[in-house]
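Here the structure comes first, spelled out in C-alpha cells, and everything after it is commentary.
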Amino acid sequence: MKRSAVLAKIKRAAQERGLDFKVIGLSRHDAVRVGQTTRTLGRHSEMDDLTARKFFDQFADESGKGWWR
C-alpha cells in the first residue's frame, strides 16, 4: 500500500469524526497525530499491507475498532 494512501485514509477518517489530523516531520520518520494519539510512520513510499493494518490499529482508540474496513 502506498504511504500517501495510508495518510489519506487516516486523514479522511479523522475529518469524518471531527478529529484533528497533523503530520509532523521528525528526523527520519513522520509523526502522525489524530486527536490525542500520536504514532510514527517511516518515510518509505510503499509499505506492506500488514504494516499498514497494524498502523491503522494504533488509531482504534480515536476512530473505533476496525474503522479502516
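Read-outs throughout are calculated quantities, based only on the coordinates presented, and are distinct from any laboratory measurement. Because the structure is predicted, anything quoted here is derived from the model rather than measured. In this analysis, Cβ positions are derived from the backbone assuming ideal geometry, glycine residues included, and neighbour counts consider all displayed protein chains.
The figures follow:
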quantity	calculated
Whole-number D in µm²/s for the chain (Stokes-Einstein; Kirkwood sum over Cα pairs; 25 °C, 0.890 mPa s)	204 µm²/s
³J(HN,Hα), Karplus 6.51/-1.76/1.60, whole Hz, each residue of the stretch 27-34, x for Gly, Pro	5, 10, 9, 10, 9, 10, 10, 10
Nearest-20 debye value, the stretch 3-62 charge dipole, Cβ charges on Lys, Arg, Asp, Glu	180 debye
Ellipticity estimate at 222 nm from DSSP helix runs (n ≥ 4, -39,500 (n - 2.57)) divided over the chain, nearest 500	-11000 deg cm²/dmol
Candidates Lys54, Lys11, Lys22: whichever shows maximal mean-square fluctuation once the chain is modelled as a Gaussian network with Cα springs under 10 Å	Lys54
Lysine pairs in the chain with Cα atoms under 18 Å, if 8 or more residues apart or on separate chains	9
Most mobile of Leu41, Leu19, Leu50 in a GNM of the chain (Cα contacts under 10 Å)	Leu50
